[in-house]
Amino acid sequence: MSMKRRRKIQNFFRYLILIVVGVGMLYPLVWMVFATFKSNAEIFGSISLLPKEWTFDAYKDLFRMYGGQLNLVKAMLNTMIIVVLKVLFTVVSVTLTAYGFARFEFAGKRFLFPIMISTLFLPQTVLNAPQYIMYNSWGWLDSYLPLVVPCLFAGDTFFIFMLIQFLRGIPRDLEQAAAIDGCNSMQALLLVICPILKPAIISAGLFQFMWSCNDFMGPLIYVNTVSKRPVSVFIKMCMDADAGTAWNRVLAFSLIALLPSLIVFLIAQKSFIEGVSAGSLKG
């Protein structure tokens, strides 16, 4: 068998496997879209993809108020307030912290860095009780402060670690050249390092965006007022245990809540892939 023919056969099976895996990964999302047009009986009683009887009741409830204070639109606005603040604070704080650990020597660095990394292995469930007591004593309950303020102080260790691995692959000569041109450390970070760090910074922002959109426990614990709750908690509110859950409505709301994350990812996917792959190689 010639080399050219063997390569064609290899490419055929390679693309065949990719297509099968892709279809397998996309099928649940496609099923979810069509399930929003099915009744409960058809969702649980039929394996067909297309509805036998189309119903649009799920989308008629988009502006319905739950608890008399909250609907899907307001819940998504609440989510965006939390998410945008968390992403901005995270990007700024973890960039400064990672730059400090990667480029400067200071007292206690050899002790503080392992302590910081060790927090990656600490489950959030262990921290829920002490954090609740602390925030309650500060009067922060029923607000977004417990969700947002930790990001202002680089509370997400994973992003610091990710940026440090990326910074280790950037030559120090660039900063030395900037210093010769009269730049101080902050100017070198903003004008020289951050443009190179852009893929990793965007990756950190995207991770935070998606994690924050999907966060359920945080808002459930700290936000008590119904009108302040984000979409992750709002979807749970739509499940009526007494009258029975309209699953087409829950799936429709979940699908709409997924759109911001999907749109943001599609816009920034190139930088996201560059950031993740470059960070893994340069670590």
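The values are calculated or read from the model by the stated rules, or taken from the named source; none is laboratory data. Model, not experiment: these values are computed from the prediction. We place every Cβ from the backbone using ideal geometry, glycine too, and count neighbours over all the protein chains shown. Please note that ligands, DNA and RNA were not included when accessible areas were found on the heavy atoms of the full protein model with its side chains. Shrake-Rupley method; radii C 1.70, N 1.55, O 1.52, S 1.80 Å.
So here's what we get for this one:
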read-out: Flag if Glu42 is at pLDDT below 90, surrounded by 11 or more Cβ atoms within 10 Å (Cβ to Cβ) and on the phi < 0 side of the Ramachandran plot; value: yes
read-out: From Phe101, Phe121, Phe89, residue being within 20 Å of the chain's Cα centre (by Cα) and in contact (Cβ under 8 Å) with a residue 24 or more places away in the chain; value: Phe89
read-out: Selection count where residues are surrounded by 18 or more Cβ atoms within 10 Å (Cβ to Cβ) and more than 27 Å from the chain's Cα centre (by Cα), scope the stretch 176-191; value: 2
read-out: Residue satisfying condition, being in a helix (DSSP H, G or I), open to solvent by 70 Å² or more (accessible area, probe 1.4 Å) and not acidic (Asp, Glu), within set Phe209, Phe161, Phe166; value: Phe161
read-out: Answer residue from the stretch 130-143, given it is within 22 Å of Lys228 (Cα to Cα) and not in a loop (DSSP other than H, G, I, E, B) and is most open to solvent (accessible area, probe 1.4 Å) among those; value: Ile133
read-out: Restricting the stretch 1-22 to residues that are among the β-branched types (Val, Ile, Thr) and either modelled with pLDDT of 90 or more or within 24 Å of the chain's Cα centre (by Cα) (or both), the residue that is least open to solvent (accessible area, probe 1.4 Å); value: Val21
read-out: First in the stretch 59-75 and without any contact (Cβ under 8 Å) to a residue 60 or more places away in the chain and open to solvent by 40 Å² or more (accessible area, probe 1.4 Å), second anywhere and of a type outside the set (Val, Ile, Thr) and assigned to a loop (DSSP other than H, G, I, E, B), Cβ under 8 Å, 6 or more apart; value: Phe63/Asn71; Arg64/Asn71; Met65/Asn71; Val73/Leu62; Val73/Phe63
